[in-house]
Amino acid sequence: MSRILRRTNENATLAQMLLQRLDFIAAVFISLALLIVGKIDDGFNQRAQAVIADVAVPAAEFIGKPIVWAGEISDLVNAYLVESEENARMQAENTRLRQLEPRLLQLINENERLRDLLSLPPVTDSPVITARSVTYPGSPFLWTTLLDAGAADGVKPYQPVIDHNGVIGRILSVGDSSSRALLITDLNSRVPVMVLETGDRAILEGDNSRKPQLAFLEAAHKVEPGFRVVTSGDGGVFPPLLPIGVTEIEETGMLRVVPSADMARLEYVQIIQHEEPAAPEEQEPVAVPENEGANP
Amino acid sequence: MRSTSSKVPHGILGIVPFLLAIFGAVVASLPLGIDGGANAGLPLSLIIVFFWLARRPGLLPSLALLFIGLMHDALSGAPFGLTALAFLAVRAFILEQNVFAFSQSFLLGWIGFAAMCAGVLLFEWLVMSWYLGKFLFAPPFFIELLIGILAYPPIAAICGWLDFKVFGIRKG
């Protein structure tokens, strides 16, 4: 009897071990398959992550509330401690901005008149969607962040994302209620830019460091440290003249851009609902009147 | 692979390590600001997974690790399957090599975690470099390793306290 019991126990243990081994092999196989499919089809990763992110973002927001509250309390304490100094600074800034207001209005009017004279289309402000950056944007190999706005809010892939300081990136993937932004510092980010002071055009290439590099700049450029870099609008993904940062030259001579936005401390961001202009072949053919183009 | 069944009757409480690891993956994705902007994160779920695999491996089966890893990847934006594969490698190492010594003393656990964390980060760096087609900027990996090593003692202490409170039998 005891032999039968012992044998039954041994069989049960053996079955359990076998099950664990199968469990392990299945998990490794699934992980490897996902990794390889993701490598072959990049869209697979984005779609799968968007589905899970829709569930994970509310959880992250809930769990992250104490961190947000701690930050707010810290801001309040800071504001209290430096209240008088901060008030004086803000009053001075307010006065300066009020002095600039008439000049700004004058420039806007002048700009509109000149655009009208040149028959250029009027500059339209694209609508924006405000979202909160839920996750920490940095990891050793990626610079992306999850936002708490998704397709239900009107977010679409490739829409530019900015914060109050400037461009931070563009939308990479979209779920129903969340989306992921690819930051300009990420290895996969490429943004057509222009140096405001010289008009030189280049490509801003992320390399996972905090300062993306300026590539494809003309050899005879006259860019110096501290020059402002803005979007050029080439390619149509980013509207022109959005501020990005200022130039910096490394000891090796490599030109980098210090982003105006602090990527490590993103909070509220705006997603610009900028519509990429249709490609020429997709545009409606324009009917040309028979007499148009003929010399008078 | 040796049997990983535990003698302690766990019941529904057996899900605690799994929930903790999921919680760790979510917390690690939050903007904690502990790296001083160095672009490195806190390997919180790795610490939790390592701790419980060393103590009670039966409570973190392979499929649970797969799910935790996928959750981690969805939050961090890493390629799907990367973290799960790393966690499964940790499990295989701990169980196959019979290195239950990690649960025998705190110092051994700490040294074991440091070695494991270095191995996991090296694995992730290699896979990501292959994935992206170029060698990645390495310094953030060292900073993440340092953060992980420094964060292990307090997190392991909390997990140890939970282990005692929930399962009642002190090990190690």
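Things to note:
- Helices (runs of 4 or more DSSP H) completely within the stretch B:60-172 that count 1 or more residues being surrounded by 23 or more Cβ atoms within 10 Å (Cβ to Cβ), touching a residue at least 60 places away in the same chain (Cβ under 8 Å) and not hydroxyl-bearing (Ser, Thr, Tyr): B:106-132, B:139-167
- Checking B:Leu42 against (1) surrounded by fewer than 17 Cβ atoms within 10 Å (Cβ to Cβ); (2) facing another protein chain (nearest Cβ under 10 Å), the condition it does not meet: (1)
- Extreme residue, farthest from the chain's Cα centre (by Cα), among residues of the stretch B:97-149 that are more than 11 Å from chain A (Cβ to nearest Cβ) and among the β-branched types (Val, Ile, Thr): B:Val99
- Check on A:Asp234, touching a Pro at 6+ places or on another chain (Cβ under 8 Å), charged (D, E, K, R) and modelled with pLDDT under 90: yes
- Here A:Glu93 clears all of (1) without any contact (Cβ under 8 Å) to a residue 12 or more places away in the chain; (2) touching a helix residue (DSSP H, G or I) at 6+ places or on another chain (Cβ under 6 Å) except the condition numbered (2).
- Hey, B:Leu19 at pLDDT below 85, more than 7 Å from every other protein chain (Cβ to nearest Cβ) and either assigned to a helix (DSSP H, G or I) or closer than 19 Å to B:Phe123 by Cα (or both) or not: no
- Hey, B:Gly77 modelled with pLDDT under 85, closer than 26 Å to A:Ala59 by Cβ and within 11 Å of chain A (Cβ to nearest Cβ) or not: yes
- Test set (1) more than 30 Å from A:Asn188 (Cα to Cα); (2) in contact with a Lys or Arg (Cβ under 9 Å, 6 or more places away or on another chain) - A:Gln49 fails condition number: (1)
- Meets criteria (assigned to a strand (DSSP E or B), touching a residue at least 60 places away in the same chain (Cβ under 8 Å) and surrounded by fewer than 23 Cβ atoms within 10 Å (Cβ to Cβ)) for A:Thr145: no
- Filtering the stretch A:105-149 to residues that are over 29 Å from the mean Cα position of the chain (by Cα) and of a type in the set (A, V, I, L, M) leaves A:Leu105, A:Leu107, A:Leu114, A:Leu117, A:Leu118, A:Leu120.
- Here is the figure for the stretch A:174-187: residues that are in contact with a helix residue (DSSP H, G or I) (Cβ under 7 Å, 6 or more places away or on another chain), hydrophobic (A, V, I, L, M, F, W, C) and within 9 Å of another protein chain (Cβ to nearest Cβ) total 1.
- Residue check for A:Pro127: surrounded by 12 or more Cβ atoms within 10 Å (Cβ to Cβ) and not aliphatic (A, V, I, L, M): no
- Among the residues of the stretch A:231-263, those identified as among the small types (Gly, Ala, Ser) and either farther than 18 Å from A:Asp207 by Cβ or buried (at least 18 other Cβ atoms within 10 Å of the Cβ) (or both) are A:Ser232, A:Gly233, A:Gly235, A:Gly236, A:Gly245, A:Ser260, A:Ala261.
- Of all the listed residues (B:Gly148, B:Gly133, B:Gly119), the sole one being modelled with pLDDT under 90 and of a type in the set (Gly, Ala, Ser) is B:Gly133.
- The residues of the stretch A:188-202 that are away from every other protein chain (no Cβ under 14 Å) and buried (at least 18 other Cβ atoms within 10 Å of the Cβ), listed by number, are A:Val191, A:Pro192, A:Val193, A:Met194, A:Val195, A:Asp200, A:Ala202.
- Comparison of A:Asp41, A:Asp54 shows that the only residue that is of a type in the set (D, E, K, R) and either within 25 Å of A:Leu242 (Cβ to Cβ) or surrounded by 12 or more Cβ atoms within 10 Å (Cβ to Cβ) (or both) is A:Asp54.
- Count of residues meeting criterion [within 14 Å of chain B (Cβ to nearest Cβ) and crowded, with 22+ Cβ neighbours inside 10 Å] in the stretch A:151-165: 0
- A:Pro66 falls short on exactly one of the conditions (1) at pLDDT 80 or above; (2) under 30 Å from A:Asp176 (Cα atoms); (3) loosely packed, with under 14 Cβ neighbours inside 10 Å, and that condition is (1).
- Pairs are defined by a Cβ separation below 6 Å, a sequence spacing of at least 6 or placement on different chains, a first member in the stretch A:31-45 that is without any contact (Cβ under 8 Å) to a residue 24 or more places away in the chain and within 7 Å of chain B (Cβ to nearest Cβ), and a second member that is among the polar types (S, T, N, Q) and in a helix (DSSP H, G or I); the pairs so defined are A:Gly38/A:Asn45.
The values are calculated or read from the model by the stated rules, or taken from the named source; none is laboratory data. A quick note: this is a predicted structure, and the numbers were derived from the prediction, not measured. Positions of Cβ are generated from backbone atoms using ideal geometry, with glycine treated the same way; all protein chains shown enter the neighbour counts.
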